[in-house]
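Notes follow the structure.
Nothing in this text is a laboratory measurement; each read-out follows from the coordinates by a stated rule. Remember, predicted model here, so these are calculated numbers, not experimental data. Every residue, glycine as well, gets a Cβ built from its backbone with ideal geometry; the counts of neighbours run over all protein chains shown.
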Amino acid sequence: MAKPAPTAVPSSPAAPLPCGGERIIVADDEPFARSVMVRILERLGYQAVVARNGEEALARLSDESGAALLLIDATMPGLSGWKAAVQAQDRTPGLRVLVVSGAGVEPAHEAKLQRPHFQFLQKPFLPADLAHQVRRLLDAPAAEGRPS
């Protein structure tokens with residue numbers, strides 16, 4: 001009598017997460033969320049620079065030469081993450097932006113996602129989701145132009 005075929009493939013060891021050494025500004029007004037993102041990025045080898053709001057993110061961008069990416073929460077008091085992200089990218093050509101939010105993308109902000117190197121990640125996310133999204137953004141080729 002033949003043995004039945006297995007119904008599940010044994011799981012393989014998890015593939016290593018993509019790492020890097022670039023400087024990333026992490027802006028979130030929620031201390032716990034901010035610290036989790038910083039911890040994930042630092043464990044992957046990135047240099048995380050902390051900002052507590054949109055205004056502070058822009059200041060850090062001015063202070064921290066060589067920041068490659070802005071990881072910013074969409075909804076914060078004062079200057080929103082969306083507005084800060086657009087201003088940051090306008091001031092720093094080539095800056096990669098990853099906006100995160102638990103609320104999703106409102107229609108008023110959908111056009112921003114058409115900007116070069118400007119992406120969105122829905123909260124909550126797994127560390128692997130953040131690792132892959134950050135690495136994809138950082139590895140993307142330089143944009144040849146900016147949308148009008």
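Summary of computed values
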read-out: Dipole moment magnitude, nearest 20 debye, segment 13-95 about Cα centre, only Lys, Arg, Asp, Glu C-beta charged; value: 160 debye
read-out: Extension gain (nm, one decimal) between ASP139 and ARG91, 0.36 nm per residue minus Cα-Cα; value: 15.2 nm
read-out: Amide proton proximity set for VAL49, modelled H, under 5 Å, gap of 5+; value: ILE24, ILE25, VAL26
read-out: For segment 47-53, Karplus couplings with θ = phi - 60° (6.51, -1.76, 1.60), whole Hz, Gly/Pro x; value: 9, 8, 10, 8, 9, 8, 6
read-out: Protection proxy ranking of 34-43, 75-84 - average other beta-carbon atoms within 10 Å, highest first; value: 75-84, 34-43
